[in-house]
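K.L.:
Sending over a structure as structure tokens; questions will come in a sec.
Each value in this text was obtained by applying a stated rule to the coordinates, not by laboratory testing. Being a predicted model, the structure only gives us computed values, none of them experimental. Here Cβ is always computed from backbone atoms with ideal geometry, including for glycine, and neighbour counts include all displayed protein chains.
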């Protein structure tokens, strides 16, 4: 099959295209299902990735199925000597938390079922009597060496969830495939490994430097992963609806006017579109199509990181429309924009959510990162990547020589939790029909047999009838998993509503001055009148997704804005600068950590894509996390923040600001003298007794 690549126009090209079309040199090739075959992106692979070969052990797969064969080929320990008999846990029922409505304006009943609070019990037996490797969950196979793309039963379940329910409308032939990862951080590390050739300043040609497109504000760990490889961070402007497709600083502007002397035109884009961290936006379908069309035109791979995809908040949509005075009819007319799908997921909750870029990925250029960190627990270190089969195959090669598969303890417990009593497994869903290199039914079955046969005879294994629970277990199954996600969304959405309601009440400082007015012409007596002054402290939109509230602080309204600032040096007071925005921002962050406020927030500098953005606008923003604090601290933390900001705006003595900044400067000096140590310093402040942490720095 000849390789198909998109036409990449130069800056003088007049090529135009519709939102979902792609320009091909030879025209799209179609698969047996009539859908376009995914494009070949070998030209984007790193040199190391191109050289990786499949594991030689796969050559032995066909021999493992020979009846009665004595397997002396594999270097596996004997499962008889594993020190764990079973893995057991008390787990939540999927109905534990109550959902919120799927549509803006609908009433939240929040009816609680006392029985749903009772725990369930799951058990992973020593050896399961199940013959089907797609349903076989036991200690013997889970703790043995395994295939790099994941534990077969969990991999099969994740693939079914992904293909049949999360992305049933994937438009390219055969649909996507999956590989399990040790969380999204691991997934992004493998993605960088797959697409990026490391670049070293002074050693490599500046024109060959790779670039990574991202929003103006981005999760900082992404920068920490990309920059050591020499990747140039290329920010794209965003608004309340996400990354801009067009206009000054938008995606097309950045790519069309790229200066090749600064490096290669970026061929990778990192984005969080469904509950962005830190800003909380959800990119609507119309904007998503515009961005995808531009990425297709300029041959950009889209790395879509979606840890918060199920946390989309219809009530925030309604609240933001109400804030702007939009009438109810507009709320209703906006509904199809959010929920439009070409194929139903089979669940009304999933149908109501804005879909992934995969739903419009006709090229197969989207690599999506998913995680169980926000749906089960971060300590699982478990997630998956969804992409076209050829790219999943390359990622499997990377996993074979790095992490291998995730922890067997975690995979088996999560599998037992989400799978529950299984109907007949569909082996065809364990891999993409168009993939011949990932976990095909034959290779998966063979690998499971290999893992189970590390004792010399079947008789050497513990008896299934003794170890397998007589009851079918209390796992969730697919319907229970979706119900769990609905309940989680409900709990987080109610927290967001409560915190935003309190923040709304404190966003402005209202003051009044009593003045004498003219004598009343009727009574002939003088009268007093009040002048009401409203000072905006911060503005924000209710987050339409995710776990964060993104505030823009109006430091220019502070009474000490641009007031001279003095620092003590060698016993003398020396005028060094005025009290500007960055100074007030740092001072407020520290002020909030002091009694009686005791609340910790994250500054926008921590999420600025480049130092220039941090200097220009990063200091204007604070991020509050409503997810991690205790239930009672949702309200208390928000109120402490409001009270602290109000108190800070009432400071009129510049010496107070001076002392705060001086203390922060001394702490930074002690920790290395770099502004990058601010997180460490503020983290130490956050350890104070009674501190309400709305910063949520760890993990997110």
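K.L.:
Full extension from residue 88 to residue 324: what is 0.36 nm times the residue separation minus their Cα-Cα distance, to one decimal in nm?
P.N.:
So the chain would gain 79.8 nm between residue 88 and residue 324.
K.L.:
Another one. Can you give the direction-averaged projected area of the convex hull of the alpha-carbon atoms in region 143-283, in nm²?
P.N.:
It is 11.2 nm².
K.L.:
Taking the Cβ-Cβ separation of residue 56 and residue 260 as r and a Förster radius of 56 Å, what is the calculated FRET efficiency to the nearest 0.05?
P.N.:
0.85
K.L.:
Once you have the Kirkwood Rh of region 60-205 from its Cα pairs, apply Stokes-Einstein at 37 °C and 0.692 mPa s and quote D in µm²/s.
P.N.:
Translational D for this selection: 160 µm²/s.
K.L.:
Multiply the residue gap between residue 612 and residue 505 by 0.36 nm, knock off their C-alpha separation, and tell me the result in nm, one decimal place.
P.N.:
35.2 nm
K.L.:
Now for a different question. Please give the length that would be gained between residue 42 and residue 595 if that part of the chain were fully extended, namely 0.36 nm times their separation in residues minus their C-alpha to C-alpha distance (nm, one decimal).
P.N.:
Answer, rounded to one decimal: 193.3 nm.
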